[in-house]
1. Of all residues in segment 5-22, how many are in a helix (DSSP H, G or I) and over 10 Å from LEU66 (Cβ atoms)?
2. State which residue is nearest to VAL22 (Cα to Cα) when the search covers only segment 84-103 and only residues that are surrounded by 17 or more Cβ atoms within 10 Å (Cβ to Cβ) and out of contact with any helix residue (DSSP H, G or I) (no Cβ under 7 Å at 6 or more places or on another chain).
3. What's the number of the condition ASP72 fails, among (1) closer than 19 Å to LYS41 by Cβ; (2) in a loop (DSSP other than H, G, I, E, B); (3) not polar (S, T, N, Q)?
4. Residues in segment 85-118 that are touching a Lys or Arg at 6+ places or on another chain (Cβ under 9 Å), under 24 Å from GLY38 (Cα atoms) and aliphatic (A, V, I, L, M): how many?
Amino acid sequence: MTPAETKERVLAFTRRPMAPVVAIEDGDGRGARLLEPGSGKELRLRWEELSQVEERSSPLRPAPYLLLVFNDGRQFALADVGFAFAPATSNTGPLPDLPAVFCFRDFRHLSQGVEALLAEEGREKEALGGILLCIALLDGARAAGLDVSREEPRLDQLLRALEQRGLKV
C-alpha cells in the first residue's frame with residue numbers, strides 16, 4: 001500500500017459525518033495528527049509509517065472501523081468509540097474474560113468501578129481484578145503509540161487505595 005493510498009483512506013474515513021477521530025493533515029502533506037476530541041488523545045503519524053489501512057466491520061459494533069497497521073507492527077483502529085486497541089498483558093499475565101479491544105472510555109468506566117468496589121467492605125479482590133484490566137488497557141494503548149500520562153496518576157491512586165485497604169481473599 002502506498003503512502004498516497006493510506007493517506008486517502010485515513011482522510012476519507014475521518015471526514016465522514018460524526019467521525020469520532022479527526023485527522024489534521026501536516027503542512028507538508030506527508031502525515032497527520034489524529035485527534036479524538038472526546039478524550040483529547042492524539043497521535044501523530046507519517047503516511048509512509050503505515051503498511052495497511054483497511055475498513056472493517058464487526059457484529060458487535062453498529063459502525064465500521066478503520067484498522068491502521070504500522071510498519072513496526074503496532075496497530076489500532078479508528079472506531080465509533082475513538083481510538084480502539086488491543087490490551088497488553090506483559091505486566092499482568094493472562095486475565096480471564098479480557099476483552100479483545102479497549103478504548104479510553106473503558107478506562108474511565110473501569111476506574112470508576114474500582115473506586116466503587118473499594119468503597120465497599122470485602123470487595124478488594126474484585127477491585128484488584130479491575131485494576132489489572134486497567135493496567136492491560138493502558139499497556140495496550142502505550143504499545144499502540146498512544147499517550148497514557150493523564151491516566152497513569154489515576155491508576156496509581158487506585159493502587160495506593162487498594163494497598164491501604166489490604167487484599168482480603
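1. So the count comes out to 5.
2. So the residue we want is ALA84.
3. Checking ASP72 against (1) closer than 19 Å to LYS41 by Cβ; (2) in a loop (DSSP other than H, G, I, E, B); (3) not polar (S, T, N, Q), the one that fails is (1).
4. Residues flagged as touching a Lys or Arg at 6+ places or on another chain (Cβ under 9 Å), under 24 Å from GLY38 (Cα atoms) and aliphatic (A, V, I, L, M) within segment 85-118 amount to 2.
Every residue, every condition in (1) in a loop (DSSP other than H, G, I, E, B); (2) modelled with pLDDT under 95; (3) touching a Gly at 6+ places or on another chain (Cβ under 8 Å); (4) of a type in the set (D, E, K, R), yes or no:
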site: ILE24; (1), (2), (3), (4): no, no, no, no
site: ARG33; (1), (2), (3), (4): no, no, no, yes
site: LEU43; (1), (2), (3), (4): no, no, yes, no
site: SER51; (1), (2), (3), (4): no, no, no, no
site: GLU54; (1), (2), (3), (4): no, no, no, yes
site: PRO59; (1), (2), (3), (4): yes, yes, no, no
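The values are calculated or read from the model by the stated rules, or taken from the named source; none is laboratory data. The structure displayed is predicted, hence computed values, not measured ones. Quick reminder, even Gly has a Cβ in these numbers, built from the backbone with ideal geometry, and neighbours come from all protein chains shown.
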